[in-house]
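Reviewing the structure listed below.
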Amino acid sequence: MPLPFLTADRDLDFDHRAAESTPLPHDEPDQWRRPYRPGPWRVGAAAVFLLLASFVMLSAVIIALAGSLPGALGCLAVAALVIAFAVRLLRMGVWVSASGLRQVELLRTTTEPWRAIAAVRTVQQPVRWLGLPRTVQGQALIIHRVQGEPLRVQVTDHNGDFLSRPEAFERAADVLEAWAAEYRP
């Protein structure tokens with residue numbers, strides 16, 4: 001049963017003829033948004049970590065009922081860290097707004113204004129499979145800066161968002177390139 005109010009691709013009063021003339025279908029370009037959905041691998045990994053956090057919180061309750069408050073607080077702290085890790089895992093990716101491009105990684109976030117971005121393009125190169133050390137031949141979205149090294153590759157066709165979904169990778173790359181073409185000076 002599809003639930004369109006929970007997805008990013010709902011069609012509320014959507015005119016397909018008008019959409020062909022506008023390259024960027026968005027309502028508020030000043031808000032940060034990820035122009036693609038998190039993939040099933042990323043969502044599944046976050047769900048496993050949230051399940052683990054629920055078991056750790058349940059053990060904290062059992063430990064607290066047994067009378068060891070410091071042990072329960074330690075378990076709650078571990079559960080909070082696991083929940084924060086799962087949320088951060090879901091937020092990883094490339095986010096865009098009218099002011100610039102933001103690359104969210106697990107432990108850091110890099111934000112570049114559009115005037116500091118030289119090019120956004122898709123290239124064929126060895127990419128990491130699901131972020132693991134194993135590399136395979138694939139496509140990657142490279143973000144070149146005006147000065148300095150390119151940003152670290154975050155969007156590939158073999159990462160947690162696009163593995164086994166080449167059409168979704170092409171759509172996301174096209175949308176990110178369209179944002180760059182629209183807002184770069």
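The values are calculated or read from the model by the stated rules, or taken from the named source; none is laboratory data. What you see is a predicted model, and the numbers here were worked out from it, not measured in a lab. Heads up, the Cβs are rebuilt from the backbone with ideal geometry, glycines too, and the neighbour counts pull from every protein chain shown. With ligands, DNA and RNA removed, areas are computed over all heavy atoms of the protein, side chains included. Shrake-Rupley method; radii C 1.70, N 1.55, O 1.52, S 1.80 Å.
Some points to look at:
- Members of the stretch 1-60 that are modelled with pLDDT of 50 or more and of a type in the set (S, T, N, Q): THR7, GLN31, SER54, SER59
- Selection status of PHE85, open to solvent by 50 Å² or more (accessible area, probe 1.4 Å), farther than 30 Å from PRO185 by Cβ, among the hydrophobic types (A, V, I, L, M, F, W, C) and in contact with a Phe, Trp or Tyr (Cβ under 8 Å, 6 or more places away or on another chain): yes
- Matching residues, the stretch 158-185, being open to solvent by 30 Å² or more (accessible area, probe 1.4 Å), under 13 Å from TYR36 (Cα atoms) and part of a loop (DSSP other than H, G, I, E, B): ARG165
- Reported count of residues in the stretch 52-80, each being loosely packed, with under 13 Cβ neighbours inside 10 Å and closer than 27 Å to ARG108 by Cβ, is 1.
- Number of residues in the stretch 135-157 that are open to solvent by 20 Å² or more (accessible area, probe 1.4 Å) and touching a Phe, Trp or Tyr at 6+ places or on another chain (Cβ under 8 Å): the value is 4.
- Flag if LEU132 is at pLDDT below 90, outside any strand (DSSP E or B) and either touching a Leu at 6+ places or on another chain (Cβ under 9 Å) or of a type in the set (Gly, Ala, Ser) (or both): no
- Failed criterion for VAL127 (all others in (1) open to solvent by 70 Å² or more (accessible area, probe 1.4 Å); (2) aliphatic (A, V, I, L, M); (3) in contact with a His (Cβ under 6 Å, 6 or more places away or on another chain) hold): (1)
- Close Cβ contacts (under 6 Å, 6 or more residues apart or on different chains) running from residues in the stretch 116-138 that are at negative phi to residues that are part of a loop (DSSP other than H, G, I, E, B) and among the aliphatic types (A, V, I, L, M) comprise ALA116/VAL146; ALA118/VAL146.
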